[in-house]
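In what follows, a structure is listed as structure tokens, so that the remarks can point back to it.
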Amino acid sequence: MTKKVLILGRAGIGKSTFCQYVTYRWARDEIWSEYELVVLIHLRKLTDSRYQPEKQFSSVDLVEQEYFPYGDLSKEERQHFKEQCKSGKVLWILDGYDEFTQNIQPQMKDIFDHIRETQHHILTSRPYAVAVPYDEKIEIIGFTDDNIA
């Protein structure tokens with residue numbers, strides 16, 4: 001079963017900071033050991049200027065563009081990533097749905113829907129922007145120094 005978590009919070013409350021923090025903690029082997037890879041995508045970056053309108057993109061293309069913009073992944077690396085996705089070993093952290101949905105580019109809609117429907121993911125948004133059901137909903141109401149330590 002695909003795990004889907006929606007994190008809501010008003011503007012500037014710490015949703016993006018939360019995403020960076022949990023990605024960092026995963027990289028230090030402190031959380032989510034069931035995932036071989038955590039992919040943090042800042043959705044506001046998925047624009048026409050970075051993704052050609054006439055092309056369709058895959059999840060591998062998305063990772064390649066966001067993490068390896070100056071060098072292509074090998075055929076073997078692309079295949080390995082696809083296998084990790086199919087086996088549920090990838091957690092996608094999709095940050096800023098509210099910014100993305102206002103100007104979603106047609107070439108990005110299919111890949112976003114595919115990730116949202118088939119992959120384990122965390123989606124962040126301001127409360128007004130999400131009209132789709134989620135297994136778990138969490139609201140960030142702010143952080144203090146004690147919360148982060």
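The values are calculated or read from the model by the stated rules, or taken from the named source; none is laboratory data. On a predicted model such as this, the values are computed, not experimentally measured, just so you know. Reconstructed Cβ throughout: ideal geometry from the backbone, glycine too, with neighbour counts over all protein chains shown.
Annotations for the structure displayed:
- Every residue from segment 117-147 that is among the hydrophobic types (A, V, I, L, M, F, W, C) and either at pLDDT 90 or above or surrounded by 10 or more Cβ atoms within 10 Å (Cβ to Cβ) (or both): ILE122, LEU123, ALA129, VAL130, VAL132, ILE138, ILE140, ILE141, PHE143
- Residues in segment 90-131 that are among the charged types (D, E, K, R) and in contact with a helix residue (DSSP H, G or I) (Cβ under 8 Å, 6 or more places away or on another chain): ASP95, ASP98, GLU99, ARG126.
- Unique match (being surrounded by 12 or more Cβ atoms within 10 Å (Cβ to Cβ), over 16 Å from GLN119 (Cβ atoms) and touching a helix residue (DSSP H, G or I) at 6+ places or on another chain (Cβ under 9 Å)) among GLU77, GLU36, GLU66, GLU54: GLU77
- The residue of segment 97-111 that is nearest to the chain's Cα centre (by Cα), among those that are more than 22 Å from ALA11 (Cβ to Cβ) and of a type outside the set (S, T, N, Q), is ILE111.
- Checking each residue in segment 1-47 for being in a helix (DSSP H, G or I), more than 14 Å from the chain's Cα centre (by Cα) and either under 17 Å from TYR97 (Cβ atoms) or among the small types (Gly, Ala, Ser) (or both) picks out only ALA27.
- Meets criteria (touching a residue at least 40 places away in the same chain (Cβ under 8 Å) and more than 23 Å from MET1 (Cβ to Cβ)) for ARG126: yes
- Of the residues making up segment 119-149, those that are of a type outside the set (Val, Ile, Thr), within 30 Å of GLU83 (Cβ to Cβ) and not in a strand (DSSP E or B) are GLN119, PRO133, TYR134, ASP135.
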